[in-house]
Amino acid sequence: MAAEEDDFERPPRELERKIEELSGVPGGDDRAEEIARYQKRLDALRQEVYSRLTPWQRPLVARHPRRPYTLDYIQHLLTDFTEIHGDRKFADDPAIVAGFGLYKGAPVAVIGHQKGRDTKEKVHRNFGMPRPEGYRKAMRVMEIAEKFQRPLFTFVDTPGAYPGKDAEERGQAEAIAASLRLMSRLSVPIVVTVTGEGGSGGALAIAVGDRVLMLEHAVYSVISPEGCAAILWSDQSKAREAARAMRITAGDLKELDIIDAIVPEPPGGAQVDHSRQARTLDEFLLGSLETLRAVPPDERVERRYQKFRRMGKFGQARFF
């Protein structure tokens, strides 16, 4: 049962391979019709599979190596993007992309986690796990955005902040705390999008926003299901039970008022069609930005403060 749950994408993958094989074989109109029939079956199968994902399967989708990352969204949504490198204190951190560009012709600041696709890039990006200099680079961009009154977009997709000895020596916890404090005080509009994994303080460090969006199959939690299972039961094989208890899905978090809106994904997930996903997200970003721009800065900051102060308060205790 566990193997079947983990391999829920196998049937769509088999149809994808069949379409690829047929696409490489000449056959004129007959071949094109056959490919179209398989594609129709694939679309229907994706719709069926992804409409009934379990809480455990969501993290597997959120970690998919072909999901769009920050640079993909920048490519589809922004023009004239200029990336800022380094924190002016220690080094640059490729796990975080930060810079400025034009959105709908207007200047904005962008900060986001960046994972890698092949082994070389994954190592270069440290698997999307920032070190302190990554958060300090992000804060450098936040401060410039505040100075020149540029709205801020952030894209969250990380397993968590890097827990290595070198990161701790350079003040990982302090860098995250300072970023949280700074974001809570910025007067510019902030729109956060959880695009994949929203893991622990490493995610929250760039996720204090006026409007928090979350992709349909993304996850957002204080710890991974595997980490939770290891702590509670000393058994990572109980990650499925942990995923259900933790309520890490977009639907759960919308119900708990942790996020503001769920951004739909194409059948098969955002990894199937980056362009389509970016167009869908574009509608939410534009609507959020227009709404926030209509609010006076002082009121926007106060609303943001109250938004996060309300989190975690319930009328009655909730247990597993």
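The residues of segment 180-190 that are touching a residue at least 12 places away in the same chain (Cβ under 8 Å) and either crowded, with 24+ Cβ neighbours inside 10 Å or among the basic types (K, R) (or both), listed by number, are M183, R185, P189, I190.
Residues in segment 22-52 that are at pLDDT 75 or above and in a loop (DSSP other than H, G, I, E, B): S51, R52. I'd like to know if segment 58-75 contains one or more residues that are at positive phi, in contact (Cβ under 8 Å) with a residue 24 or more places away in the chain and among the small types (G, A, S). No; the residues of segment 58-75 include none that is at positive phi, in contact (Cβ under 8 Å) with a residue 24 or more places away in the chain and among the small types (G, A, S). Looking for something at negative phi, open to solvent by 40 Å² or more (accessible area, probe 1.4 Å), in contact with a helix residue (DSSP H, G or I) (Cβ under 8 Å, 6 or more places away or on another chain) and not in a loop (DSSP other than H, G, I, E, B) - is there at least one such residue anywhere in segment 286-302? So far as segment 286-302 goes, no, none of its residues is at negative phi, open to solvent by 40 Å² or more (accessible area, probe 1.4 Å), in contact with a helix residue (DSSP H, G or I) (Cβ under 8 Å, 6 or more places away or on another chain) and not in a loop (DSSP other than H, G, I, E, B). Could you check E226 against (1) surrounded by fewer than 21 Cβ atoms within 10 Å (Cβ to Cβ); (2) within 18 Å of the chain's Cα centre (by Cα) and say which number it fails? Only one criterion in (1) surrounded by fewer than 21 Cβ atoms within 10 Å (Cβ to Cβ); (2) within 18 Å of the chain's Cα centre (by Cα) is unmet by E226, namely (2). Number of residues in segment 173-206 that are more than 21 Å from A62 (Cβ to Cβ) and assigned to a loop (DSSP other than H, G, I, E, B): the value is 4.
The set of residues in segment 1-21 being modelled with pLDDT under 70 and open to solvent by less than 60 Å² (accessible area, probe 1.4 Å) consists of A2, E5. Applying the criterion of being surrounded by 18 or more Cβ atoms within 10 Å (Cβ to Cβ) and not hydrophobic (A, V, I, L, M, F, W, C) to the residues of segment 248-262, the residue that is nearest to P55 (Cα to Cα) is T249. The residues of segment 270-295 that are hydrophobic (A, V, I, L, M, F, W, C) and more than 17 Å from V110 (Cα to Cα), listed by number, are A270, V272, A294, V295.
Being free of Cβ contacts under 8 Å to residues at least 12 places away in the same chain, more than 20 Å from the chain's Cα centre (by Cα) and more than 20 Å from L285 (Cα to Cα) holds for only one residue in E169, E143, and it is E169.
Right, R211: over 25 Å from F308 (Cβ atoms), touching a Pro at 6+ places or on another chain (Cβ under 9 Å) and touching a residue at least 24 places away in the same chain (Cβ under 8 Å) or not? Reasoning before the result, please.
Numbers: over 25 Å from F308 (Cβ atoms): no; touching a Pro at 6+ places or on another chain (Cβ under 9 Å): yes; touching a residue at least 24 places away in the same chain (Cβ under 8 Å): yes.
Here the answer is no, as R211 does not meet what is asked.
Among the residues of segment 161-174, at least one is open to solvent by 10 Å² or more (accessible area, probe 1.4 Å), in contact with a Lys or Arg (Cβ under 6 Å, 6 or more places away or on another chain) and more than 18 Å from I258 (Cα to Cα).
The values are calculated or read from the model by the stated rules, or taken from the named source; none is laboratory data. Since this is a predicted model, take the numbers as computed values, not measurements. Heads up, the Cβs are rebuilt from the backbone with ideal geometry, glycines too, and the neighbour counts pull from every protein chain shown. Accessible surface areas use protein heavy atoms only, side chains included; no ligands, DNA or RNA. Shrake-Rupley method; radii C 1.70, N 1.55, O 1.52, S 1.80 Å.
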